[in-house]
Structures are given as structure tokens and as C-alpha cells.
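What follows is a short report on a single structure.
None of the figures in this text is laboratory data; all of them are computed from the coordinates on show. All figures in this text were calculated on a predicted structure; none of them were measured in a lab. With ideal geometry, Cβ positions are generated from the backbone for all residues, glycine too; neighbour counts draw on all protein chains shown.
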Amino acid sequence: MPSSRQNSRGCGWARRSSGKSISAAASSSTPPSWMMKPPGFDPSKQYPVLFFVYGGPGSQTVLDSWGGATYLWHLLLTQRGIIVASVDNRGTGARGRAWRKIIYGQLGVIETQDQAAAARAIATRPYVDPKRVGIWGWSYGGFMTLNALTQAPDVYRMGIAVAPVTHWKYYDTIYTERYNGLPQDNAAGYDKGSPLTYAKNLRGRLLIVHGSGDDNVHFENTLAMVNAFVDANRPFSLMVYPNRNHGIYGGNTRQHLYTLLTKFVEDNLPAATTTGGTRAALP
């Protein structure tokens, strides 16, 4: 599973701030982070926050590099009045061996704790509405989004999981066993980090997106998650792109995809209000 490099500097359109760290109480260390604020940011208002997550072993989203289309979409969201932020949880790269290896044998556990702690921390800031916090990610980030909504359901109002792993028994052995060991030796670790285990906890609005022809994260991952939510009687939304692969592109696919994602974010993370003012109805 390739790591995701999806962020950049403001490049003259919007300023991405990394000066004030987003603390993660789950760890004694402060993880790397960045934040993009809307143009004309007004600290007297309360803004929704959408976290962008990848979080996989050795990866980084907090990089001083161009992030391509994903950065441009994040920029669009800031122009719609939404703060976008990202945090590199424990297990990601460039922080030393101990930081990287702590997730061994329990993929999805430590990472989710750190992401939820960061979301709780940012929600204490006066310009953030703690009832309008969301998260989204692709691939490992989709896995993290599902875990965030099911392991920390009190934190997140909504989430978007694109092409998510839902249990590591469904992913390829050369990647999975490197970080989680053999399933026969670590069955508890495989289950503990799987959102299938926590499906009954879902409370926020959730959109799952997957290409049925995904040859990286196979479509059976999403089908297993669908069955788990159905068994738990939890509502969610699903979009399947027939025969699209892990990148979900081809023809008009990307335009349709990002139109769908934008509408879901705007519907479930309504824009900023004056502190103490009327907010959109919560689910």
C-alpha cells in the first residue's frame, strides 16, 4: 500500500499553518501537523474542521511538498468555510524507530488513538465547533476513517472512507505480515484494529466509496464492512464505481467523485457561524 503525500504549502492561494501544533494526548510526543484556514479567517466565528488522514506505517501527510489534486480540493473546502487539518500519528515516518515501530502487531489501534486525541485537542480552540469535526482518507486513510468513526464515535460528526481496508486478512501478505505478523499468531491484533469489530458503535454520517475493480484494496473489504453495518443496523452511504481501480479514475469519474465528496462534506459540516450563534441542526 503506497504512502500518501497529499499536502503542500499555501502557494499563494491559502496559508497552511504549522506553527501551532495540534497536541495528541494519547502520546507523550506532539505529532507533526498542519492546518489550512479559510480566507478571511475570523476567530470570533466557530468553524467546522475536516481532518485528512493517511496514517500508515512509514508514511507522512505532513510534508513540505506539492500535494496535487488533493491539495486543490482542500483549498476549495477552505473557500467554502471549512478548516482542513492533518496529523501524522505514531507509526508514521521520519520520527525515529520507536515512533515508527510502536504500531507493530496492532495496526489501527495506536493510530486511531492519536488521531482522536488530535481532534479532541483542536476542538477545544474557541474558533472550532466541537460538534462539527470530520475526517476523510483514502486506502489506509479510509481504514483510519472507519476506525475513527467506530472507535471514537463521540469525536466525529462525519467521515468519508475511500477504498478502505476493513480487516487485514483481506490485504496482501507481503505488506500485512510485515507489520501485523501472521494471522494465526496474532488473531487478536488483527481483530482489535479492524473497524468490523466496532461497527455497532457508528454514530456519525459515513460515506464509503470504492471501485469494484480495485486490485490493491480488494472490493471485498467494503462488502465486509457493509455486512457488519447491516448486522449492527447502522445507517451509512455507499458509492461504488464499477470496474474502477484503486485510483478511481477514467472518463468523467474524478469529476463525479469529487463533486460527490464535496457535497457530502458541505451537507454534514455546515460552514462557520458567529460564536454563540445558531448552528445547523445536528444529527
For the chain: lysine pairs with Cα atoms under 19 Å, gap of 8 or more or different chains, count?
-> 9
Could you tell me how many degrees, from 0 to 90 and to the nearest 10, lie between the Cα long axis of helix 68-79 and the main elongation axis, the longest principal axis, of the Cα atoms of the chain?
-> 40 degrees
Helix 110-122 vs. the chain, principal-axis angle (Cα, 0 to 90°, nearest 10) = 10 degrees
Using a 10 Å cut-off on Cβ atoms, rank the peptides 188-197, 112-121 from the highest mean neighbour count down.
-> 112-121, 188-197
Specify the inter-centroid distance of region 48-67 and region 165-218, based on alpha-carbon positions, in whole Å.
-> 20 Å
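Which FRET efficiency value, to the nearest 0.05, do you get for SER65 and LYS200 by plugging their Cβ-Cβ distance into 1/(1 + (r/R0)^6) with R0 = 51 Å? Walk me through the numbers before you get to the answer.
Working: r = 39 Å, r/R0 = 0.77.
The value I calculate is 0.80.
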Amide H neighbours of LYS45 under 5 Å, at least 5 residues apart or on other chains, H built in the peptide plane: list them.
-> THR275
In nm, what is the difference between 0.36 nm times the number of residues separating TYR104 and ASN252 and their Cα-Cα distance?
-> 49.3 nm
Mean separation of Cα pairs under 8 Å and 6+ residues apart, divided by the residue count of the chain: what relative contact order is that in percent?
-> 18 percent
Packing-based ranking, highest mean first, of 230-237, 78-85 given that Cβ atoms within 10 Å are counted | 78-85, 230-237
How do THR222, THR259 line up, fewest other C-beta atoms within 10 Å first?
-> THR259, THR222
Nearest 10 degrees, 0 to 90: what angle lies between the long axis of helix 140-151 and the longest principal axis of the chain (Cα atoms)?
-> 80 degrees
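Relative to the Cα centre, what is the charge dipole magnitude of the chain, using +1 at the beta carbon of each Lys and Arg, -1 at the beta carbon of each Asp and Glu, and rounding to the nearest 20 debye?
Numbers: 29 positive and 17 negative charges, 183 e Å.
The calculated dipole for the chain is roughly 880 debye.
Where both partners of a DSSP beta bridge lie in the chain, what percent of those bridges are antiparallel, to the nearest 5? Don't skip to the end; give the middle numbers.
Working: 8 of 32 bridges.
Just about 25 percent of them are antiparallel.
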Sequence of VAL162, VAL240, VAL62 once ranked by neighbouring C-beta atoms within 10 Å, starting from the fewest = VAL240, VAL62, VAL162
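Per the helix-only calculation at 222 nm, which mean residue ellipticity applies to the chain, given -39500 (n - 2.57) for every DSSP H run of n ≥ 4 and division by its residues, nearest 500 deg cm²/dmol?
Working: 8 runs with 84 residues, N = 283.
Computed ellipticity for the chain at 222 nm equals -9000 deg cm²/dmol.
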Projected onto the charge dipole of the chain (+1 at Lys/Arg Cβ, -1 at Asp/Glu Cβ, origin at the Cα centre), which of VAL87, GLY56, THR176 gives the Cα projection farthest towards the positive end?
-> VAL87
Taking amide hydrogens as modeled 1.01 Å from N in the peptide plane, which residues meet the under 5 Å criterion relative to ALA163, leaving out close sequence neighbours?
-> SER139, VAL209, HIS210, GLY211
